[in-house]
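The values are calculated or read from the model by the stated rules, or taken from the named source; none is laboratory data. Note that the structure is predicted; figures quoted are calculated from it, not measured. Reconstructed Cβ throughout: ideal geometry from the backbone, glycine too, with neighbour counts over all protein chains shown.
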Amino acid sequence: MRVETARRWVWISAGVFCVATVALPWVGSGGIDLGKVLRREGPDYEILVQLRVSRTLLALVAGAGLSLAGALFQAMLRESLADPYTLGISAGASLGAVVTIAAGLDTVLGLPGTWVGALVGAFAVLALVLGPILVGRSRRQLSAFTMLLTGIAVNSVCAAGILILSSFAGIVRSFSISRWLIGSVDATSYASLGVLGVVVTVGAGFILWQARGWNLLAVGEQWAVSRGVRVGRLMGTGFVAGSVLVAGAIALTGPIGFVGLIVPHLVRSRISPDSRVLMPCAFFLGGTLLAVCDAIGRVVVPPAEIPAGAVLALIGGPYLVWVIRQREAV
Amino acid sequence: MMKILLTLEGAEFGFGAREVLRSVSFEAGAGEFLAIVGANGAGKSTLLDLISGFRRPSGGSVIVDGRRVEEYGARELSKRVSHLPQAVHADLPFTAEQLVAMGRYPHTDKWFESEEDHRLVRAAMERTQCWEWRERRFGTLSGGERQRVLLAACMAQQAEVLLLDEPSNFLDIDQQLQCFSMLRQEAERGKLCVAVTHDLNLAMRFCTRMVVLADGVVARDMSVAEAARGGEWLELFSGRLRMEAAGDGTAWVSYR
């Protein structure tokens, strides 16, 4: 792919992201009068600004972070089925967040409890999955079979932990846990959005800055070292940045799967496998996909809403099966 | 006088309790084409890993262009040493051209390669006769085609020390000859080429020097002319090998 074409794809993806940011808040079960919004008249103004804009922005930022994390783990593990969901990292972050909800820890060290819990959970699972690879640097690749089985085991253990905690949490907290676990993109405060925006921007910036390193690492460690990469340092920083992205997104949205699988896979096969193109495109298009799923969930059975996580799972589950079948066919 | 580019002084390395290299020492300079030969498990690939900085010696030192390898920054070293590993995963999603362009990464801070980088990539791919597959995905190439692409990536890196682990793997006979001939030309242009190989005849025909590893040490370090004069060193490989002279007088390793 020529440089001009690569640049064009990145700009197109960014353009799609911007269009989604502007257009999707207007999508919903009830129409919104632009005139009323401009005059700041209720309820249209409040519905748009307080509800739809914030949830669209949350979907865009969280989806972008999760999609980029998927592309990152796929490069680190040389496995296109690796994503926060299949690796069990989402489940670990969920368990961590649920622990803080069940314990009534609204804040930990001045930070929202679910953020801290999700971060600790994500780190713990990633250390479990990637730890042996980081320590024994000669065997970096996990087979798809090992990875999926590890993910299933981690998901099962975390699900069991969440069930046990829900049983002992009492009615009010148990309801909070159930609501959080649905994996939806609800309206959130602009302060939380701001924090998530900073976390995702910094994490994404760091990951994108190393894009050439991820390309080299995807070929092999000897290859990467001989082309100027300090593999141990790069893997370690990828581990931290990926965990922070996943934990930050999941703390606000609940467990949302598949965005980190579908988008990087499509970009890799349809646009470019080069991380300098793949990663920014996956970032922008991942955010767009989650925001579109959220918008679909708002309009498909009005006035009820289907959580974005459920819409994405309905697309992502069959897509994962299709990807596995395609690989078998090859 | 030959510029010394590589010095090993008592280099040692082991995997846990298993010693692979025990006090390996030799020097090599610009214009030389070294064949590293030895039986399986002799430590040939590990030796290249020490020189490329992928592994650190547990004892002794590896010096590239006057400085110990660990004193270099990773990128600084990669401008001096290029390494073609023995095995690269075949299922890579990159195109041939994207893979070769990775050889230019150490030379630029720009997000994408410059026009000059593209020119060097094309020159390297034309040299190894793989430019026509530039748009093809690496995973769709045959073993020999992949090897030519990887060789081009090493060429595009423009390092003064080329480390090649079995560079003629998967190549047909004509391509093996072209590969070693090209490496010899690189040496004659002032580079140091170090190739691990099991093909003693290719080594004797194209290399300038042979370093035989056995039991973790340098068992023999000789010019190809010396190697051709006496065949006793062949006992280090197999009792069935012997040195013969071809019709034109060229030394030839045959087996019975």
Open item on the list: Criterion first (closer than 24 Å to B:G139 by Cα and more than 12 Å from the chain's Cα centre (by Cα)) does A:P307 satisfy it?
Closed with: no
- [ ] Go through (1) within 30 Å of B:F15 (Cβ to Cβ); (2) within 16 Å of the chain's Cα centre (by Cα) one by one and return the number of the condition B:T208 breaks.
- [x] (1)
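Conditions (1) within 14 Å of chain A (Cβ to nearest Cβ); (2) of a type outside the set (D, E); (3) touching a Lys or Arg at 6+ places or on another chain (Cβ under 8 Å); (4) surrounded by fewer than 22 Cβ atoms within 10 Å (Cβ to Cβ), marked per residue:
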| residue | (1), (2), (3), (4) |
| --- | --- |
| B:G14 | yes, yes, no, yes |
| B:L34 | no, yes, yes, no |
| B:G66 | no, yes, no, yes |
| B:A87 | yes, yes, no, yes |
TODO: Just one of (1) aliphatic (A, V, I, L, M); (2) within 11 Å of chain A (Cβ to nearest Cβ); (3) assigned to a loop (DSSP other than H, G, I, E, B) trips up B:M1, so point out which.
DONE: (2)
Open item on the list: If B:H83 satisfies all but one of (1) more than 7 Å from chain A (Cβ to nearest Cβ); (2) buried (at least 23 other Cβ atoms within 10 Å of the Cβ); (3) within 16 Å of B:L162 (Cα to Cα), what's the number of the condition it fails?
Closed with: (1)
TODO: Mind listing just one residue for me: the one in region A:125-149 that is at pLDDT 80 or above and buried (at least 20 other Cβ atoms within 10 Å of the Cβ) and, of those, nearest to A:A75 (Cα to Cα)?
DONE: A:L126
TODO: Kindly state which helices (runs of 4 or more DSSP H) lie completely within region B:173-256 and contain at least 3 residues that are more than 27 Å from B:G144 (Cα to Cα) and not basic (K, R).
DONE: B:224-229
Task: Candidates A:E41, A:E46, A:E4, filtered to the one that is of a type in the set (D, E), farther than 30 Å from A:A153 by Cβ, over 19 Å from the mean Cα position of the chain (by Cα) and within 14 Å of another protein chain (Cβ to nearest Cβ) - done: A:E4
- [ ] Starting from residues that are over 21 Å from the mean Cα position of the chain (by Cα) and among the acidic types (D, E), keep the ones in region B:220-256 and report whichever is surrounded by the most Cβ atoms within 10 Å (Cβ to Cβ).
- [x] B:E226
TODO: Among the residues of region A:189-224, write down those that are closer than 26 Å to B:L77 by Cα and in contact with a strand residue (DSSP E or B) (Cβ under 8 Å, 6 or more places away or on another chain).
DONE: A:Q222, A:W223
Task: 3 or more residues away from chain B (no Cβ under 14 Å), buried (at least 21 other Cβ atoms within 10 Å of the Cβ) and at pLDDT below 90: qualifying helices (runs of 4 or more DSSP H) within region A:181-265 - done: A:231-253
- [ ] Output the number of the condition that A:I271 fails; it satisfies all remaining conditions of (1) under 17 Å from A:M76 (Cα atoms); (2) away from chain B (no Cβ under 11 Å); (3) over 18 Å from the mean Cα position of the chain (by Cα); (4) surrounded by 20 or more Cβ atoms within 10 Å (Cβ to Cβ).
- [x] (1)
TODO: Mind listing whichever residues of region B:169-198 are closer than 20 Å to B:T46 by Cβ, away from chain A (no Cβ under 14 Å) and out of contact with any Gly (no Cβ under 8 Å at 6 or more places or on another chain)?
DONE: B:C193, B:A195, B:T197, B:H198
Task: Scope region A:37-81; condition touching a residue at least 24 places away in the same chain (Cβ under 8 Å) and more than 30 Å from A:L126 (Cβ to Cβ); matching residues - done: A:Q50, A:L51, A:R52, A:V53
